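Taking it in order: structure first as structure tokens, then the write-up.
Any read-out appearing in this document is the output of simple, stated calculations on the displayed coordinates, not a laboratory observation. Not measured: the values here are computed from a predicted model. Positions of Cβ are backbone-derived with ideal geometry, glycine not excepted, and every protein chain shown enters the neighbour counts.
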Amino acid sequence: MKKRKFSVSISAIYLCLCFWALTTVYPIIWVVLNSFKAKDKILENSFAFPMGELFTLANYRKAFENLNIFGAYKNSIFISTMVCAVVILLAGLASFALVRYHFKLRNILYMLVVAGMMFPAFATVIPVYTMEVSWGIAGTKSWWLSMFSVILPQVAGNLSFAIIVLTGYIRSLPIELEEAAFMEGCGPIQIFFRVIVPLTKPSFATVAIFSFLWSYNDLFTQMFFLRRPDIMAITRLLNELTSNEGTDYGLMAAAVSLVVVPVMIVYIFMQKYIIKGMTAGAVKG
């Protein structure tokens with residue numbers, strides 16, 4: 001095995017990356033540690049490790065007693081799962097059509113998809129909310145309609161990114177495989193699900209993970225469409241807690257930990273799929 005030569009430039013890069021990682025990870029660790037301290041102890045010993053008299057589970061007990069944590073998690077998981085599934089299906093079919101079918105205005109349509117990433121959510125949320133109210137799906141007492149009202153704009157907000165990622169990957173696939181499937185009697189839909197989808201699993205995994213996490217963390221859309229306590233998602237519930245319990249730092253730290261830790265766990269187990277899908281699309285697209 002060859003030994004790597006010492007390089008000052010590489011060492012400097014690793015040093016900068018370690019410093020950046022420390023500044024990114026440490027605040028999260030600090031919040032989690034302080035969630036196990038009483039609120040009057042956080043300001044006095046905010047950097048101390050929660051051991052002995054400092055350790056308490058009162059913040060988490062108060063969070064579960066005062067907040068509908070499990071209901072909020074159920075709403076968040078349902079919304080994010082539906083957004084993820086719809087984005088994968090629509091973006092996959094749209095990417096397949098843009099790459100393999102030649103029709104008028106195809107390039108203009110793809111440019112419009114790219115342009116869709118330039119419009120921030122807050123620029124369109126008012127007309128979208130007004131439109132959904134006129135349809136009768138926003139501002140109702142129905143749980144299903146309330147979920148549907150927030151799923152629609154989140155799907156629309158994720159489609160442009162998903163189409164761009166999947167288009168770059170599908171374009172790199174050899175068309176001979178699809179031609180062989182066509183000669184065997186497969187139609188476009190069968191080719192998509194039997195040929196395209198299995199070959200583009202890394203990119204589909206990337207799109208699925210990003211769509212799920214973006215939907216899970218999307219507070220801005222939830223602020224407009226999820227206003228009743230029984231339909232609030234977890235990030236919306238955290239914002240409500242911050243407004244009502246602004247000085248209870250222990251309870252806020254516990255609530256932030258309940259929101260952030262699941263996302264970190266998902267990313268830790270799925271990071272190889274994220275990196276693989278993004279790099280494959282970048283190299284092959």
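When the Debye formula is applied to the Cα atoms of segment 9-56, each taken as the same point scatterer, what base-10 log of I(q)/I(0) results at q = 0.32 Å⁻¹?
Values returned for q = 0.32 Å⁻¹ are -1.08.
What's the extension gain from Asn107 to Phe119 if we count 0.36 nm per residue and subtract their Cα-Cα distance?
Going from the current span to full extension adds 2.4 nm.
Compute the helix-to-body angle for 69-100: its Cα long axis versus the longest principal axis of the chain, expressed 0 to 90° and rounded to tens.
The helix 69-100 is inclined about 20 degrees to the chain.
Where in the chain lies the longest segment free of GluC sites (Glu not before Pro) that are both loop residues by DSSP (not H, G, I, E, B) and have at most 14 other Cβ atoms within 10 Å?
Within the chain, the longest run free of exposed GluC sites (Glu not before Pro) spans 45-183.
Which one, Thr206, Leu93, Ser11, is farthest towards the positive end of the dipole of the chain when Lys and Arg carry +1 and Asp and Glu -1 on their Cβ?
Value computed over the given set: Ser11.
With the crude spin-label approximation of a point 7 Å out along Cα→Cβ, what separation in nm comes out for Lys74 versus Glu184?
Label-label distance for Lys74 and Glu184, simple model: 4.4 nm.
What do you get for the angle between helix 249-284 and the principal long axis of the chain? Use alpha-carbon atoms, 0 to 90 degrees, nearest ten.
Once rounded, the angle reads 20 degrees.
Separation between the Cys18 and Ala97 pseudo-spin-labels, each 7 Å from Cα along Cα→Cβ, expressed in nm?
5.2
Mind checking the dipole of the chain: about its Cα centre, +1 per Lys or Arg Cβ, -1 per Asp or Glu Cβ, Debye to the nearest 20?
Approximately 860 debye in magnitude.
Of all chymotrypsin sites (Phe, Trp or Tyr not before Pro) in segment 103-136, which ones are in loop regions per DSSP and have a Cβ with at most 10 other Cβ atoms within 10 Å?
Hits after loop and neighbour filter: Phe103.
Just the ratio, please: alpha-carbon radius of gyration of segment 194-244 over 2.2 N^0.38 Å, N its number of residues. Before the final figure, lay out the partial values.
Working: Rg = 16.0 Å, N = 51, 2.2 N^0.38 = 9.8 Å.
Scaled against compact globular proteins, the figure is 1.63.
Among the aspartates and glutamates, which have Cα under 19 Å from the Cα of Lys141 when same-chain residues fewer than 8 positions away are ignored?
Hits, sequence-local ones excluded: Glu132, Asp230.
Across segment 67-284, how large is the tail of the calculated P(r) beyond 29 Å, expressed as a percent of all Cα pairs? Intermediate results must be reported in sequence, preceding the final value.
Values: 8435 of 23653 pairs.
Tail of the P(r) past 29 Å holds 36 percent of the pairs.
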